[in-house]
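As structure tokens, the structure follows; a few thoughts come after it.
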Amino acid sequence: MKTSEHVRERVRSSYGAAVRESKSCCGDAVPKGVAAQTAGYSREELASLPEAAVLNSFGCGNPLAFSDVEPGQTVLDLGSGAGIDLLLAARQVGPTGKVIGIDMTDEMIERARRAAEESGYDQVEVRKGLIEELPVADASVDWVISNCVINLSPEKDRVFAEIARVLKPGGRVSISDIVIERMPGWLRRSSRLHSACVAGAISEAEYLAGLERAGLAEVTVSERLVYGGGQLRELARSEAGTVRGPRWLRRVVGALLGRLAAGFEGRVWSAKFVALRS
Ligand SMILES: C[S@@+](CC[C@H](N)C(=O)[O-])C[C@H]1O[C@@H](n2cnc3c(N)ncnc32)[C@H](O)[C@@H]1O
């Protein structure tokens, strides 16, 4: 039986390696930097950011797109990674605002701090901590954002409760995350595919219900980016490439995983969840 700390340790080590080595996180599914291009950031946004922040971004959406974050507000980013959304938020809140990133992986924290410093954003602070136990005061932030992180948590209800705790009354949520419908049990048990943002994902309805149980209001999905068969097969192929053994074995595993992936077409997407703390 895996404890929650066990699960987090695997995730931490996988993301630490992802930034240290020249590979992407999610099971090598995408080459570094490609995640940012497919996640919904505009060309202008990407061009304006330090290259390292874009290359080390592992999100599945753009939680700040179309959000009306205002100058002077406080934005909290859960699982801020190498800092791509911290930098975009810093621009929106300006020098009178505040942006707080929370992450548990030292390598990510270090990169996010460096990116904020290089960009001259004094309003960005990156804290080491867990999203299940936020090192953030009650009712202190205007926005909670997050990008492809909560699927990785083994204790999602704790995360949802923490979001409600730290938001000011009237505060808003904008979370991009992977959802998977009708996940088979064998897939959910794969620790390898957990860090790849697959095995820990829940359905859209479960996500919405979790946010509502935490006491948040106006919980809804404002955007969906559905993954096509080609993208799912690509993910399967890259997973097979990480299997140890002779080439023929990787080819057989690749073919099997490819057939399995085809069965998931239309059941996997990146959803943007929005909500309000009333
Ligand atoms: C898929 S990456 C996304 C990073 C960033 N949001 C982005 O868009 O590039 C997941 C990040 O969440 C962090 N993370 C995962 N689970 C966490 C937890 N329980 N507490 C704190 N950070 C966590 C990882 O260390 C990693 O930096």
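Quick note: the coordinates plus some simple rules give every number you see, no bench work behind them. Just so you know, these numbers come straight off a predicted model, no measurement behind them. FYI the Cβ positions are ideal-geometry reconstructions off the backbone, even for glycines, and counts take in every protein chain you see.
In table form, for the structure just shown:
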| item | result |
| --- | --- |
| For a label point 7 Å along the Cα-to-beta-carbon line of ARG20, residues of region 80-122 with backbone N under 17 Å | 82, 104-112 |
| Stokes-Einstein translational diffusion, the chain - Kirkwood Rh over all Cα pairs, 1.567 mPa s, 4 °C, in µm²/s | 69 |
| Rounded tilt (10° steps) of 4-20 against the dominant C-alpha axis of the chain | 90 |
| Nearest-0.05 FRET efficiency for ASP157 and SER191, computed from C-beta distance (R0 25 Å) | 0.75 |
| Counting DSSP beta bridges with both ends in the chain, the antiparallel % (nearest 5) | 45 |
| Added length on full extension, which subtracts the Cα-Cα distance from 0.36 nm per residue, LYS128 to SER42 | 28.1 nm |
| Volume of the Cα convex hull of region 124-175, divided per residue and given in Å³ | 83 |
| Residue-averaged 222 nm ellipticity for the chain, from DSSP H runs of 4+ at -39500 (n - 2.57), nearest 500 | -12000 deg cm²/dmol |
| Distance in nm between pseudo-label sites at GLU70 and VAL252 (7 Å out along the Cβ direction from Cα) | 6.3 |
| Normalised convex hull volume, region 123-278, alpha-carbon set, Å³ per residue | 129 |
